[in-house]
Ligand SMILES: [Zn+2]
């Protein structure tokens, strides 16, 4: 009897959680739209499943020209080269995004509280934003989610 009751509460606990989390998950994934048909599996994995590319793997780490960084999925303009800096983390980093470029949500995966950011236009994941060090903010971006277009 005791055992049964424990199972009952376990069941209630699980359904309680999924009742609240499932609609949120569904809502969030429904807002992500793949627009670019040429995206690789690795890009889709980052954009849809919030995976992270290997550090120091992006050629954009060394991109120092003037220009803008666009969403690799929908083409929206996200960052200016003026905000780019070398964070030493191995991911393209920016102090600020262009106004309205991203939306954020709190991410508790990996056992810590982080702020996830995603494209305001198409909803796909781009990275996490931190407030640390001497910089006011650090947008830690997956280079695979960005396309650089040189120019002013
Ligand atoms: Zn986008």
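Yes/no matrix, rows are residues, columns are (1) over 14 Å from the mean Cα position of the chain (by Cα); (2) within 21 Å of residue 32 (Cβ to Cβ); (3) surrounded by fewer than 16 Cβ atoms within 10 Å (Cβ to Cβ); (4) at pLDDT below 95:
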| site | (1), (2), (3), (4) |
| --- | --- |
| 80 | yes, no, no, no |
| 84 | yes, no, no, no |
| 101 | no, yes, no, no |
| 108 | no, yes, yes, yes |
| 112 | yes, no, yes, yes |
| 122 | no, yes, no, no |
| 128 | no, yes, no, no |
| 151 | yes, no, yes, yes |
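Please state which of the following conditions residue 52 fails to meet, knowing it meets all the rest: (1) more than 16 Å from the ligand (Cβ to nearest atom); (2) under 11 Å from residue 145 (Cβ atoms); (3) assigned to a helix (DSSP H, G or I). Among (1) more than 16 Å from the ligand (Cβ to nearest atom); (2) under 11 Å from residue 145 (Cβ atoms); (3) assigned to a helix (DSSP H, G or I), residue 52 violates only (3).
Applying the selection to the range 98-126, what residues are touching a residue at least 40 places away in the same chain (Cβ under 8 Å) and within 14 Å of the ligand (Cβ to nearest atom)? Walk me through how you get there before you give the answer.
Our first condition is that a residue be touching a residue at least 40 places away in the same chain (Cβ under 8 Å); within the range 98-126, this holds for 105, 107, 109, 116, 118-126.
Passing the criteria: 118, 119, 120, 121, 122, 123, 124, 125, 126.
Of the residues making up the range 63-87, those that are outside any loop (DSSP other than H, G, I, E, B), more than 10 Å from the ligand (Cβ to nearest atom) and within 17 Å of residue 128 (Cα to Cα) are 69, 79, 83, 84, 85.
The values are calculated or read from the model by the stated rules, or taken from the named source; none is laboratory data. Note that the structure is predicted; figures quoted are calculated from it, not measured. Using ideal geometry, Cβ is built from the backbone for each residue, glycine included, and neighbour counts are taken over all protein chains shown.
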